[in-house]
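Taking it in order: structure first as structure tokens, then the write-up.
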Amino acid sequence: MKTKIKFFNFIAILSLAALTFNGCRDKIYEELTYTANIPVYMEFTEFRTSVKKTPPKQLEQPGKIYFKDNYLFINENQEGVHVIDNTNPASPVILTFIEIPGNVDISIRGNTLYADSFIDLVAIDISDPQNPVEISRLNDAFPNVLPPVDISLPVYGLDFSKGVVVGWEKKEITELVEKGTGYRGEKFNFDAIGAPQLGSGDVSIIGGSTGIAGSMARFTIISDYMYAVHNNALKVFNISGSNGITKSGEVQLGRVVETIFPFEGRLFLGTTTGMLVYGLSNPSAPNYISVFEHINSCDPVVVEGNIAYVTLRSGNACNGFVNQLDVIDISSLENPFLIKSYPMFNPHGLGIDNNILFICDGDAGLKVYDATDPLQIHMNQLAHFANIKTYDVIPFNGVLMLIGEDGLFQYDYSDPTNLILLSQMLVIKP
């Protein structure tokens, strides 16, 4: 960033003020010109009427993945959700696209899809998946969420009263400031999801009646409650009432939380500094059970039996430098302990089904292991598909659904020693 500086001497001529103050001094000002991120706003009324069905379109920047009742729901990052008929995994069909500005996460109960839309939480009727209809909305469920931004540049002119920030423009800003005070643009600290945090306030950028989410999910539903992790908090929403969504409570976690995984009535939270376990004896107020600490790193988690599997990865968002799989004994939830760690390339999401462990190792592709013996996982690799950039997986009923930068890939793993590619839906760049 280039900064032009001009100096101006302003000599204050003080008469009456001199009687009050012990003295005065010349103030030196400088003119600063720099490039900043300028917010692009959408007016609140327009924003809250913007969810709509549009014709099917190809995957361009796929994000998180969700499966329910033979339908796949794939997030198009910040734009909405693709609805895909996956009755035949060898031939998936895109049915429609639900345009949801600022969408990153979804969860489903019954015929209702819950989705974040920047600052709001939206409920959408999908009883007819080809004709989704918004039926409810909780305003400001996630206050002050911001879209992804170039963190190398400051933000200038942010004003949440002007509307919802839906994007950024890079512009040159010139300011006249007192020398040494710097520009008035704001620099942000970013959490692991890429959402900027302003001070200590809220800023940010899943059998039965519910479906199955991938390990990178931030939403999950258990009975009448939806749980959402957001920055440093676990938010609780009641979705049982006829009046739509209501906020039920919030648990401050004291650390940046990224992912949530439900297992046997507990919540396993992946944070940048450890795996948290919360109980649901009172579903509206989750209670702390334990934590397994690790070094600062991005951290999704899945659980099967008495074992939790956690991937740690390096990356700018988490400021970590380790890439590994941690295998954790949770037979005593109050005292989880590490069994063993395995080196990885850059692991993201993961899945487990009947001791078959699937790991999305970033640009190193999909890796499949027999995890029957937690001490010998590295010796029991069943498959490695190195030519795809992987993000997250859902293994279900012998079919592995994988999403990544390259698109959707589905494999038959009924014979885990011989995975068969069933179909691929490749990303089409605009």
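Within the stretch 321-346, count every residue that is within 27 Å of residue 288 (Cβ to Cβ), touching a Leu at 6+ places or on another chain (Cβ under 8 Å) and assigned to a loop (DSSP other than H, G, I, E, B).
1
For residue 28, work out the one condition from (1) β-branched (Val, Ile, Thr); (2) assigned by TED's automatic domain parsing to the domain that holds residue 127; (3) at pLDDT below 95 it doesn't fulfil.
So residue 28 meets the others, but not (2).
From the list 101, 143, 154, which residue is modelled with pLDDT of 95 or more and not aromatic (Phe, Trp, Tyr)?
None of the other options fit; the residue is 101.
Taking the stretch 68-87, which residues are out of contact with any strand residue (DSSP E or B) (no Cβ under 6 Å at 6 or more places or on another chain), more than 24 Å from residue 209 (Cβ to Cβ) and among the polar types (S, T, N, Q)?
78
Give the residues of the stretch 69-95 that are assigned to a strand (DSSP E or B) and touching a Ser or Thr at 6+ places or on another chain (Cβ under 7 Å), sorted by residue number.
Selection gives 83 alone.
Given the residues 153, 176, which is the only one that is within 30 Å of residue 28 (Cα to Cα) and in a loop (DSSP other than H, G, I, E, B)?
153
Among (1) modelled with pLDDT under 95; (2) under 30 Å from residue 242 (Cα atoms); (3) part of a strand (DSSP E or B), which single condition is residue 202 missing?
If we test residue 202 against (1) modelled with pLDDT under 95; (2) under 30 Å from residue 242 (Cα atoms); (3) part of a strand (DSSP E or B), just (3) comes out false.
More than 25 Å from residue 415 (Cβ to Cβ), hydrophobic (A, V, I, L, M, F, W, C) and within 26 Å of the chain's Cα centre (by Cα): does that describe residue 345?
Answer is yes for this residue.
Tell me yes or no: at least one residue of the stretch 391-410 is under 27 Å from residue 294 (Cα atoms), among the acidic types (Asp, Glu) and touching a Ser or Thr at 6+ places or on another chain (Cβ under 9 Å).
yes
Which count do you get for residues in the stretch 266-288 that are at pLDDT below 95 and more than 25 Å from residue 347 (Cα to Cα)?
Looking only at that region, the number is 0.
Which residue is surrounded by the most Cβ atoms within 10 Å (Cβ to Cβ), if the candidates are limited to the stretch 40-57 and must be under 22 Å from the mean Cα position of the chain (by Cα) and part of a loop (DSSP other than H, G, I, E, B)?
Across the stretch 40-57, the extreme among qualifying residues is 51.
The values are calculated or read from the model by the stated rules, or taken from the named source; none is laboratory data. Because the structure is a prediction, the values reported are computed rather than measured. Backbone-built Cβ (ideal geometry, glycine too); neighbour counts: all protein chains shown.
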